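The values are calculated or read from the model by the stated rules, or taken from the named source; none is laboratory data. Since this is a predicted model, take the numbers as computed values, not measurements. Cβ atoms come from the backbone with ideal geometry, glycine included; neighbour counts cover every protein chain shown. Heads up: the accessible areas ignore ligands, DNA and RNA and are worked out on the full protein's heavy atoms, side chains in. Shrake-Rupley method; radii C 1.70, N 1.55, O 1.52, S 1.80 Å.
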Amino acid sequence: MFVGNNNYNNYNNLNGNNNLNNNGRFVGITLPCQDFLMKAYKNLWNKLCSYENLELAFRRARKHKTLKLYVMEFEKNLEENLLQLRAELLLHSYRPKPLETFILCDPKTRKISKSDFRDRIIHHALCNIIEPIFEKTFIYDSYANRIGKGTLKAIQRFDYFKRGVSRNNTGECFILKADIRHYFETVDHGVLMGIIKRKIKDKDIIWLVKTILSNYNSKGKGKGMPLGNLTSQFFANVYLDALDRFVKHNLKAKYYIRYVDDFVIFENAITKLKHYKEKISEFLKTIKLELHPDKSSIISLEQGVCFLGFRIFYCCRLLKKSNIRKMKRKLAGFKMKFDGSNASYDKIYSSMEGWLAYASNGNTHKLRKSFAGEFECIFPGKMADVEIDRWTRHAKNLQVGIL
């Protein structure tokens with residue numbers, strides 16, 4: 001039996017750099033003070049190169065991959081390998097290995113570039129040191145690749161904003177739904193380095209960032225970051241923090257959410273959203289980006305707005321058809337993976353349970369019941385370790401209740 005995670009939070013006490021009270025109004029100081037924004041950080045290199053930081057980076061890079069052969073090989077001589085990395089960093093002889101690139105069609109075609117495991121350790125070591133510096137200046141409503149955020153929080157925030165703008169679904173609500181054209185391919189290294197250098201004054205850290213960025217071969221010289229790197233996800237937020245601040249502080253848009261290069265703004269009036277779109281398009285040119293012409297439009301909530309895998313209306317939230325088709329393909333492939341010993345039943349069950357938990361965030365009861373039934377027909381009588389643990393705990397609780 002599958003149990004989805006339908007954990008909705010009450011947004012009565014929102015906190016963050018851009019706070020909103022229950023009436024959707026800003027409370028407290030919305031702009032950090034100038035001194036805080038301009039604070040520069042030096043002498044970070046020794047912290048980054050410390051054995052303790054590299055060991056922590058290894059543990060984070062290893063997470064959910066402990067049985068991978070390349071992880072076990074590295075771990076065999078862990079201390080020696082980490083000391084070798086440390087020496088390469090200190091001597092500036094560190095050079096990342098070429099990226100392993102493959103095409104993923106899931107459902108749209110993406111080029112994913114995968115770093116070697118030792119390079120991923122370096123990425124974590126860098127982010128361990130500089131991510132907290134930038135994180136404290138990010139706006140509240142940026143939801144990608146941040147601790148305590150994520151897709152579910154962004155969808156919940158979408159609901160909160162749509163209720164506020166539409167006065168609990170009684171009035172009109174229009175949404176500017178936009179994304180940035182070929183974002184990861186067009187990120188300008190010069191612009192990114194300028195942003196980073198305003199806060200990070202340690203020349204060794206700057207050298208490492210440049211080394212990581214230059215390891216990716218894109219169509220344009222001095223442009224692009226690979227999809228799949230931890231550093232790319234972090235730099236994506238650093239780069240677009242300028243957009244977030246422009247929308248919140250210059251345009252003074254109260255109802256704004258960004259997830260990577262995808263963002264939405266809520267308003268009652270189309271004219272205001274047209275103004276926002278025009279100004280955002282102008283601003284993006286200053287950081288060498290542009291709105292996607294086919295994926296940036298103003299939509300009535302009555303028509304349904306696609307956001308993070310769901311199509312959201314006033315009173316319901318449905319899974320996008322492409323997501324349903326994707327899961328049908330995965331379901332068909334589970335049996336083949338299991339029969340070919342390419343995946344254990346526990347791993348397949350975990351994947352299925354995760355999707356059902358995700359789907360439970362929409363009005364999908366019948367759909368989830370159908371998929372769960374199909375799954376049990378494919379694997380009759382099978383039980384994952386997590387199911388056995390769940391039933392064992394349940395039986396113990398019943399026994400305690402009877403006693």
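By how many nm would the segment from E282 to L90 grow when fully extended, if each residue of separation counts as 0.36 nm and the alpha-carbon distance is taken off?
Between E282 and L90, full extension yields an extra 64.9 nm.
Mind ranking L67, L301, L83, L56 by accessible surface for me, highest first, 1.4 Å probe?
L67, L83, L56, L301
Where does each of T109, T151 land when they are ordered by accessible area, with a 1.4 Å probe and the largest first?
T109, T151
Pairs K97/K153; K97/K223; K254/K279: which exceed 25 Å Cα-Cα?
K97/K153
Treat each spin label as a single point 7 Å out from the Cα along the C-beta direction, and report the M336 to Y41 distance in nm.
With each label point 7 Å from Cα toward Cβ, the separation is 4.6 nm.
Would you check the accessible area of R86, probe 1.4 Å, heavy atoms only, in square angstrom rounded to 10?
Approximately 80 Å² of R86 is accessible to the 1.4 Å probe.
Through the Karplus equation 6.51 cos²θ - 1.76 cosθ + 1.60, θ set to phi - 60°, convert the phi angles of segment 340-348 into ³J(HN,Hα) values in whole Hz; use x for Gly and Pro.
Rounded to whole hertz, the list is x, 6, 8, 7, 6, 4, 4, 5, 5.
Here are some values of log10 I(q)/I(0) by the Debye sum over Cα atoms at q = 0.11 Å⁻¹: (1) -1.00; (2) -0.73; (3) -0.91. Which one was computed from this structure?
Here the calculated entry is (1).
So how do C316, C127 rank on accessible area, 1.4 Å probe, biggest first, that is with the largest at the start?
Order by accessible area, largest first: C316, C127.
Taking amide hydrogens as modeled 1.01 Å from N in the peptide plane, which residues meet the under 5 Å criterion relative to R311, leaving out close sequence neighbours?
L318, L319, K320
Just in segment 208-277: which trypsin sites (Lys or Arg not before Pro) are loop by DSSP and have at most 15 other Cβ atoms within 10 Å?
Within segment 208-277, the qualifying trypsin sites (Lys or Arg not before Pro) (loop, at most 15 other Cβ atoms within 10 Å) are K219, K221, K252.
What ³J(HN,Hα) values, in whole Hz, does the Karplus curve 6.51 cos²θ - 1.76 cosθ + 1.60 give for segment 222-230 when θ = phi - 60°, with x put for Gly and Pro?
Computed from phi, the couplings for segment 222-230 are x, 9, x, 9, x, 5, x, 8, 4 Hz.
DSSP loop trypsin sites (Lys or Arg not before Pro) in segment 125-161 with at most 16 other Cβ atoms within 10 Å of their Cβ, which ones?
K136, R146
Can you pull out the GluC sites (Glu not before Pro) in segment 243-291 whose DSSP state is coil and whose Cβ has at most 16 other Cβ atoms within 10 Å?
Of the GluC sites (Glu not before Pro), the ones in loops of segment 243-291 whose Cβ has at most 16 other Cβ atoms within 10 Å are E290.
In whole percent, how big is the carbon plus sulfur part of the accessible area of the chain, probe 1.4 Å, protein atoms only?
Result for the chain: 52 percent of the exposed heavy-atom area is carbon or sulfur.
Provide the solvent-accessible area of D294, counting protein heavy atoms only and rolling a 1.4 Å probe, rounded to the nearest 10 Å².
That residue has around 130 Å² of solvent-accessible surface.
From the backbone phi of segment 130-145, what are the Karplus-calculated ³J(HN,Hα) couplings (6.51 cos²θ - 1.76 cosθ + 1.60, θ = phi - 60°) in whole Hz, Gly and Pro given as x?
Karplus-based 3J(HN,Hα) across segment 130-145 equals 9, 4, x, 5, 7, 4, 5, 9, 6, 6, 4, 8, 9, 10, 8, 6 Hz.
Relative contact order, percent, of the chain when contacts are C-alpha pairs under 8 Å separated by at least 6 residues?
The normalised contact order for the chain reaches 20 percent.
L291's amide H: which non-local residues (gap 5+, or another chain) put their own amide H closer than 5 Å, with H modeled 1.01 Å from N in plane and none for Pro or chain starts?
Excluding prolines and chain starts, which carry no amide H, the hits are R181.
In nm, what is the difference between 0.36 nm times the number of residues separating N169 and E55 and their Cα-Cα distance?
Full-extension gain reported as 35.9 nm.
Please label the shape of segment 51-155 as rounded, prolate or oblate, based on the square roots a ≥ b ≥ c of the eigenvalues of the alpha-carbon gyration tensor (a/c under 1.5 means rounded; beyond that, a/b larger than b/c means prolate, else oblate).
Oblate.
Taking the solvent-accessible surface of protein heavy atoms with a 1.4 Å probe, what is the per residue accessible area of the chain in Å²?
Per residue, the chain has 54 Å² of solvent-accessible surface.
Using a 1.4 angstrom probe and counting only protein chains, how large is the accessible area of D116 in Å², to 10?
60 Å²
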